[in-house]
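Report on the structure given below.
The values are calculated or read from the model by the stated rules, or taken from the named source; none is laboratory data. Just so it is clear, the model here is predicted, and its values are computed rather than measured. Cβ placement follows ideal geometry from the backbone for every residue including glycine, while neighbour counts extend to all protein chains displayed.
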Amino acid sequence: MKKPFTLFVALFAIILFSTGCKKNHDDDQPATKTRTELITTGTWKFSSATSSGFDVSSFIQACQKDNTLTFTTSGTGTIDEGLSKCNAADPQSSPFNWNFANSENTLHVSTVLFSSGSNDFTIVSLTASQLVGSQTINSQVVIVTFVH
């Protein structure tokens, strides 16, 4: 009678330790961030602009390419002019309002970021380190990438 009891205890201990030490794989997965969380995690700066697969960054003024954008969770933000200003009389930084529209597929900014552009960007992708949006500038669809 002692042998089956010992076997039962040993089997029970193996089951207990193997399931008790098992990692929950759901805990390994990082929580998916919302688009608001992603866009408000840091300061964004211009990286590149393309149209029909061609680099068109040279068509954007240098004084606009060095600007930085900071978005807050309250729907406000700040644009900083960077080292060069397009107009010396412009303030170094200016506030703006922003929001998502169209099921968070459109980013609306209350100020125009690029000459001849609009206030709206269609979001192509948004990650923790990259914001890619498109908008029509001078009848051309331009894909603009910001990084931080």
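Tally the residues that are touching an Asp or Glu at 6+ places or on another chain (Cβ under 9 Å) and acidic (Asp, Glu), restricting the search to segment 86-117.
Of the residues in segment 86-117, 1 are touching an Asp or Glu at 6+ places or on another chain (Cβ under 9 Å) and acidic (Asp, Glu).
Taking into account only those residues within segment 8-45 that are of a type in the set (A, V, I, L, M, F, W, C) and in a loop (DSSP other than H, G, I, E, B), which is modelled with the lowest pLDDT?
Here is the first cut: in segment 8-45, the ones of a type in the set (A, V, I, L, M, F, W, C) are 8-17, 21, 31, 38-39, 44.
Next, only the ones that are in a loop (DSSP other than H, G, I, E, B) stay: 21, 31.
Details: Cys21: 51, Ala31: 80.
The extreme case among them is Cys21.
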